[in-house]
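Chemist: Next up is a structure, given as structure tokens.
What follows is calculated from the coordinates using simple rules that are stated; it is not laboratory data. Quick caveat: nothing in here was measured; it's all calculated off a predicted structure. FYI the Cβ positions are ideal-geometry reconstructions off the backbone, even for glycines, and counts take in every protein chain you see.
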Amino acid sequence: MRGRGFLFHLGEKGINFFVAVYEAAVLFVETLKQLPNLYFYRRQVIEQFYSLTVSTLPVTSLIAIFIGLGSTVQGTYQTSALTPRYFTANVIFKSTIIELTPIVLSLVLAGKIGGSLAAEIGSMKVSEQIDALQTLSLDPVGFLVMPRVLAGLFMLPVMTIFANFLAIFSSFLMSTAVLHWISPGEYVSGMKMGFKAFELYFGNFIKPSIFGFIIAFSGSFFGLRTRGGAKGVGIASTTSVVVSAVLIVILDYFLGELLL
Amino acid sequence: MIEIRDLWKSFEGKEVLRGVNLTIEDGRTTVILGPSGQGKTVLLKNLVGLLKPDRGQILVDGEDITRVSRRRLFEIRKRFSFVFQGGALFDFLPVKENIALFLRMHTKMKEDEITRRVREALRVVGLSGTEELYPEELSGGMKKRVAIARAIVSSPKYILYDEPTTGLDRTNARAVNGLINKLKREYGITSVVVTHDIECMETVADKVALLKEGRMFFVGRKEEVEEKYLDYLYQLEESYGI
């Protein structure tokens, strides 16, 4: 009986997973269908663009500065006396803009934005505010989901560019003015070495756009699926953070493998 | 006029509405009375398309909303306002923006006109001066009245009330009942009130429908209910510990 119970449980989990995937696909299509209503929901879109940048600015700045400092300390520690200094600067520069900043920032914002998105929409769901939107002839997907997804898609790259700039600047200052292990000229020539414009584009636009979409979509999706009261809101919030963090890490590997 | 014809609705195999028939006449207040769990709110949500019935028809001014497109349904909904049991005010917006949302999204009114309409709606519900407050700063009774202000600002033809007096003290409940009557008297609004509150029914009803186990077992004047179904009313009161 125990084995049968286990199989039943496994089957139920499997069905729930595929139902969730189907529902996510439906929400994705509904979000796309709302794009022609962009002008109608322009106020909500602008609010979300503003909210995603302004509310995350302090944490983004803090993370970016310490990514730059941390990568510099690690870079100098790992390299031997025989390695050219500009080469180490090159490794710090590339690993920061392509990998470290996009993924660390996205993971932190998955917790901050994704979690609060799911909680916000989830609490609206359980307190009938989503129904209230519909009775005001407003589509919840157009009013809530589409603006947040667009904000994730377009504003996470903006925040990543800002974070990359801060990270490299803090690394440059740390290297040249505090540790004095490299001259400013050598650091800049290290940055220029083997420079590919696509790498900048990849780290600042492609990755953050995809990660931003995942964070916003996952938060909205799990928020709209919320059942029950405060406990349901908590579950939606946690699930959203976990799912988006896992997807970000997995996609980070595949994007690097496919595009670099 | 709204006509509900042979409406059925079930959730996960459990039948909640089992062939409901009801006509809601214009300019009158129809009260749907019944104990909890009998499908009152489900019926109300079907009337604005928040839930889709398994079968049956809901004719709103002659148009069956169970068969119209999503776009058309959104158009028809503009004739309705819905006052939710807990108010369902948007907690991220202050009172004035809660009330102004419909006007901002669906009309081209200028800011001055929107502000005037919001103030007027708040005056009608007796809450002038609360424009800048957030829902969390309001008491239960105030939330209900702001929800009514949000409902009337769009000048709807129909207002649907889900348990408008539940959770309110007697003074606030009487204020809400008074408002429902005032809106009918002064603006000619057609109201559908779902409640288990007998005092609410006695105060606002022009017509009463008694719902039990998913069916209407009586539709008529409130005087008839008091004459013929006094036992039912007592049972209802007892079931709520009133």
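Chemist: Give the calculated FRET efficiency between residue B:174 and residue B:75 to the nearest 0.05, with a Förster radius of 35 Å applied to their Cβ-Cβ distance. Please report the intermediate quantities before stating the final value.
Modeler: Details: r = 36 Å, r/R0 = 1.03.
Computed FRET efficiency for residue B:174 and residue B:75: 0.45.
Chemist: Once the dipole of chain B is set up with Lys and Arg at +1 and Asp and Glu at -1 on Cβ about the Cα centre, which of B:219, B:99, B:21 lies farthest towards its positive end?
Modeler: Of the options given, the answer is B:99.
Chemist: Also, I was wondering about something else. According to the square roots a ≥ b ≥ c of the eigenvalues of the Cα gyration tensor, what is the shape class of chain B, taking rounded for a/c under 1.5, prolate for a/b larger than b/c otherwise, and oblate for the remainder? Don't skip to the answer; put the middle values down first.
Modeler: Values: a/c = 1.85, a/b = 1.31, b/c = 1.41.
Judged from the Cα gyration tensor, chain B comes out oblate (a/c at least 1.5, b/c at or above a/b).
Chemist: What does the extension gain come out to for residue B:223 and residue B:134, with contour length at 0.36 nm per residue minus their alpha carbon separation? Spell out each step's value before the answer.
Modeler: Working: separation 89, 0.36 × 89 = 32.04 nm, distance 4.13 nm.
Additional length available on full extension: 27.9 nm.
Chemist: Taking chain A as a Gaussian network, where each spring joins two C-alpha atoms under 10 Å apart, which residue of A:250, A:215, A:161 fluctuates the most?
Modeler: Looking only at A:250, A:215, A:161, the biggest GNM fluctuation is shown by A:250.
Chemist: Let me ask you something else. Give the relative contact order (percent, whole number) for chain B; include only Cα pairs under 8 Å separated by 6+ residues. Don't skip to the answer; put the middle values down first.
Modeler: Numbers: 433 pairs, mean separation 67.6, N = 242.
Rounded, it is 28 percent for chain B.
Chemist: I've got another one for you. For an R0 of 30 angstrom, estimate the FRET efficiency from the Cβ-Cβ distance between residue A:38 and residue A:260 and round to the nearest 0.05. Working shown, then result.
Modeler: Values: r = 33 Å, r/R0 = 1.11.
Calculated transfer efficiency: 0.35.
Chemist: Considering the options B:66, A:200, B:11, tell which one lies farthest towards the positive end of the dipole of the protein assembly as shown, charges being +1 on Lys and Arg and -1 on Asp and Glu at the Cβ, about the Cα centre.
Modeler: A:200
Chemist: Further, regarding this structure: With the Cα gyration tensor of region A:1-114 giving a ≥ b ≥ c as the square roots of its eigenvalues, does the rule (a/c under 1.5 for rounded; else a/b larger than b/c for prolate; else oblate) give rounded, prolate or oblate? Walk me through the intermediate numbers first.
Modeler: Numbers: a/c = 3.16, a/b = 1.43, b/c = 2.20.
Because a/c hits 1.5 or more and a/b fails to exceed b/c, region A:1-114 counts as oblate.
Chemist: So how far apart, in nm, are the two label points at residue B:67 and residue B:238 if each is 7 Å from Cα heading toward Cβ?
Modeler: Roughly 4.6 nm, to one decimal.
Chemist: Rank by packing, highest mean first: peptides B:146-155, B:92-101, with packing defined as the count of other Cβ atoms within 10 Å averaged across residues. Write down the numbers at each step before the final one.
Modeler: Numbers: B:146-155: 23.6, B:92-101: 20.4.
Packing order, densest peptide first, comes out as B:146-155, B:92-101.
Chemist: What FRET efficiency would be calculated for the residue pair residue A:87, residue A:50, taking the C-beta separation as r and a Förster radius of 30 Å, to the nearest 0.05?
Modeler: Numbers: r = 42 Å, r/R0 = 1.39.
Once rounded, the FRET efficiency stands at 0.10.
Chemist: Just A:46, A:182, A:15 to compare: in a GNM of chain A, with alpha carbon springs under 10 Å, which one fluctuates most?
Modeler: A:15
Chemist: Could you tell me the relative contact order of chain A? Use alpha-carbon pairs under 8 Å, at least six residues apart, and round to a whole percent.
Modeler: Numbers: 313 pairs, mean separation 80.6, N = 260.
RCO, chain A: 31 percent.
Chemist: Over the whole of A:125-133, what's the average partner chain Cβ count within 10 Å per residue? Rounded to a whole number, please. Let's see the in-between values first.
Modeler: Working: counts 0, 1, 8, 11, 9, 2, 8, 13, 4.
Mean inter-chain Cβ contacts per residue within 10 Å come to 6.
Chemist: List nothing, just return the count: lysine pairs in region B:165-240, 8 or more apart or interchain, with Cα separation under 24 Å.
Modeler: Details: B:182/B:207; B:182/B:222; B:184/B:207; B:184/B:222; B:207/B:222; B:207/B:228; B:212/B:222; B:212/B:228.
Lysine pairs satisfying the spacing and distance rule in region B:165-240 number 8.
Chemist: If you look for lysine pairs in chain A that are eight or more places apart or on different chains, how many of them have Cα atoms under 23 Å apart?
Modeler: So the count of such lysine pairs works out to 11.
Chemist: On a full-extension model of 0.36 nm per residue, what is the gain between residue A:95 and residue A:197, subtracting their alpha-carbon distance, rounded to one decimal in nm?
Modeler: Values: separation 102, 0.36 × 102 = 36.72 nm, distance 1.46 nm.
Contour length minus Cα-Cα distance gives 35.3 nm.
Chemist: Shifting gears a bit: For B:79-86, what's the mean count of beta carbons from other chains sitting within 10 Å of each residue's beta carbon?
Modeler: Details: counts 1, 3, 2, 6, 2, 6, 1, 5.
For peptide B:79-86, the averaged partner shielding equals 3.
Chemist: Could you check which residue among A:217, A:198, A:154 shows the biggest mean-square fluctuation in a GNM of chain A with a 10 Å Cα cutoff?
Modeler: Comparing A:217, A:198, A:154 in the GNM, the peak value goes to A:198.
Chemist: Tell me, A:196, B:108, B:184 in order of fewest to most beta-carbon neighbours within 10 Å?
Modeler: On the way: A:196 10, B:108 7, B:184 18.
Listing A:196, B:108, B:184 from fewest to most nearby Cβ atoms yields B:108, A:196, B:184.
Chemist: Express in whole angstrom the spacing between the alpha-carbon centres of region A:1-73 and region A:138-173.
Modeler: When both Cα centres are located, 13 Å separates them.
Chemist: If you don't mind, another one. Only four residue types carry charge here, +1 at the Cβ of Lys and Arg and -1 at the Cβ of Asp and Glu. Report the dipole size of region B:2-239 about the Cα centre in Debye, rounded to the nearest 20. Numbers along the way, then the final one.
Modeler: Details: 40 positive and 37 negative charges, 196 e Å.
The calculated dipole for region B:2-239 is roughly 940 debye.
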